[in-house]
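Asks: Got a structure for you, questions after.
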Amino acid sequence: TDDVYTLSLKAKRYPDVDMRLALRQIESRQRYAKKLPEIVANDHWLFPARLSLEQCSSEHTARYKASLFAKLCTSFDSYADLTGGMGVDFYYCSQLFKKSIFIEQNAELCDVARHNFQALPAEILHTDSTTWLHDITHLNAIFIDPARRDGAGHKVSALAQCTPDITQIWTLLIKKSEVVMAKISPMLDVTQAMRDLSHITEVHYVGTATECKETLLITHQGENIDTQHIVHEDSLEDFVFTTQQEHQTLPVIASGIGAYLHVPSATMLKAAPYKLLCHHYNVAALSKDTHLYTSDSIPTQWHGKTYIVKNIYTTTKNDIKHLKALGNANISVRNTPFTADELRRKIGIDDGGDTHLFGTRVASGEIIIIETQPYFGARV
């Protein structure tokens with residue numbers, strides 16, 4: 001609980017202590033207590049440099065990966081993490097297997113891993129994973145999380161620009177392992193990734209209502225007619241669908257605005273089962289290209305937010321005048337020619353408050369403004 005800056009000023013009082021290392025440990029434990037509760041509670045654990053920490057998985061997402069390996073693998077003799085990093089994913093996934101191999105090109109991270117994984121049957125290798133792959137026979141599971149930054153530290157936008165370039169080694173990965181799991185940036189185009197990588201059997205979108213944290217591409221041995229897409233958010237049932245199901249489904253378009261307005265979560269929007277949502281949750285889309293939904297009842301296990309509809313306005317001067325009387329409101333727009341800030345300036349209100357306005361286009365092509373308030377009631 002000590003303030004890191006205050007402790008740094010007292011460094012001279014502790015000449016026998018590596019204060020740089022000590023301060024890093026204190027700061028890391030304070031900063032990542034919520035993200036990595038079990039690891040932070042482990043006094044033995046050493047934390048590496050901050051960049052590795054910022055890019056590492058959370059305990060929740062690491063446990064989820066381990067649960068997938070537990071479900072998909074037919075035996076648990078060997079596992080390799082080809083991009084070890086800080087080792088959070090390795091820590092949880094490796095516990096399933098008799099032998100686990102941690103591979104990392106950064107020497108410091110390898111040293112940290114040797115310290116942290118003393119109690120595990122783990123082999124720590126400071127080497128190039130692509131070269132290593134050619135020399136092994138077969139594994140039960142492989143995990144790879146390509147670095148999404150170039151040599152200068154800038155973020156890259158294509159799968160082939162990541163390190164290692166899994167588009168070049170994907171066939172080799174499939175040949176060497178029963179199950180292969182690749183973590184890619186949620187910002188990358190999944191459709192393009194599936195074109196670049198063959199035999200993707202599952203795509204998992206892992207996140208919260210406000211953020212898609214991870215996208216996982218999985219290939220495993222066995223029959224699979226169509227790739228399964230799984231939306232996973234904590235405390236909600238997984239939403240599972242196939243690309244073919246979405247393509248063959250007709251959307252349900254709303255003829256009007258019901259009692260409730262529903263906004264899909266960021267994770268669901270990334271997965272994009274826009275038409276299937278209508279049938280699964282008994283809701284209707286405001287238009288074909290407006291990813292807002294409405295209903296007169298609360299859908300069970302909805303992945304996203306629900307709002308109570310209070311009023312519906314047009315963009316006429318008279319209706320804008322009524323909206324101005326609100327004084328303040330949160331504003332979002334969907335499928336409109338104007339931004340949220342432009343709509344705010346047009347209405348002339350401040351940001352904040354309990355009211356949320358949605359400027360959006362409906363099926364007729366008309367642009368309306370929906371006045372809502374958040375729904376906090378039960379869903380099940």
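The values are calculated or read from the model by the stated rules, or taken from the named source; none is laboratory data. In this text the structure is predicted, and so the values were computed from the model without any measurement. Note that each Cβ is placed from the backbone with ideal geometry, even for glycine, and that neighbours are counted across all protein chains shown.
Asks: Which residue out of Leu51, Leu68 is at pLDDT 95 or above and not small (Gly, Ala, Ser)?
Replies: The unique qualifying residue is Leu68.
Asks: Just to be sure I understand, how many residues within the range 123-142 are aliphatic (A, V, I, L, M) and either within 20 Å of Lys65 (Cα to Cα) or surrounded by fewer than 17 Cβ atoms within 10 Å (Cβ to Cβ) (or both)?
Replies: 4
Asks: Considering only residues that are surrounded by fewer than 18 Cβ atoms within 10 Å (Cβ to Cβ) and of a type in the set (Asp, Glu), which ones fall in the range 58-89?
Replies: Matches in the range 58-89: Asp77 only.
Asks: Quick check on my filter: what residues within the range 363-380 are within 19 Å of Asn318 (Cβ to Cβ) and surrounded by 16 or more Cβ atoms within 10 Å (Cβ to Cβ)?
Replies: Ile367, Ile368, Ile369, Ile370, Glu371
Asks: Right, here's the next one. Kindly evaluate Thr294 against the criterion of being surrounded by fewer than 18 Cβ atoms within 10 Å (Cβ to Cβ), polar (S, T, N, Q) and either out of contact with any Phe, Trp or Tyr (no Cβ under 6 Å at 6 or more places or on another chain) or at pLDDT 95 or above (or both).
Replies: Values: surrounded by fewer than 18 Cβ atoms within 10 Å (Cβ to Cβ): no; polar (S, T, N, Q): yes; either out of contact with any Phe, Trp or Tyr (no Cβ under 6 Å at 6 or more places or on another chain) or at pLDDT 95 or above (or both): yes.
Judged against the criteria, Thr294 is not a match.
Asks: Still on this model: Which of the residues spanning the range 206-251 are of a type in the set (A, V, I, L, M) and in a loop (DSSP other than H, G, I, E, B)?
Replies: Answer for the range 206-251, where residues must be of a type in the set (A, V, I, L, M) and in a loop (DSSP other than H, G, I, E, B): Ala209, Ile225, Leu236, Leu250.
Asks: So in the range 125-162, with the set limited to residues that are in a strand (DSSP E or B) and modelled with pLDDT of 90 or more, which one is nearest to Asp196 (Cα to Cα)?
Replies: For the range 125-162, the residue satisfying everything is Ile144.
Asks: Would you mind finding the one in Asp226, Asp234 that is loosely packed, with under 15 Cβ neighbours inside 10 Å, touching a His at 6+ places or on another chain (Cβ under 8 Å) and either modelled with pLDDT under 95 or basic (Lys, Arg) (or both)?
Replies: So the residue among Asp226, Asp234 that is loosely packed, with under 15 Cβ neighbours inside 10 Å, touching a His at 6+ places or on another chain (Cβ under 8 Å) and either modelled with pLDDT under 95 or basic (Lys, Arg) (or both) is Asp234.
Asks: To continue, here is another question. Go through the range 163-205 and give me each residue that's part of a loop (DSSP other than H, G, I, E, B), of a type outside the set (D, E, K, R) and under 23 Å from Thr61 (Cβ atoms).
Replies: Answer for the range 163-205, where residues must be part of a loop (DSSP other than H, G, I, E, B), of a type outside the set (D, E, K, R) and under 23 Å from Thr61 (Cβ atoms): Pro164, Ser185, Pro186, Met187, Leu188, Leu197, Ile200, Thr201.
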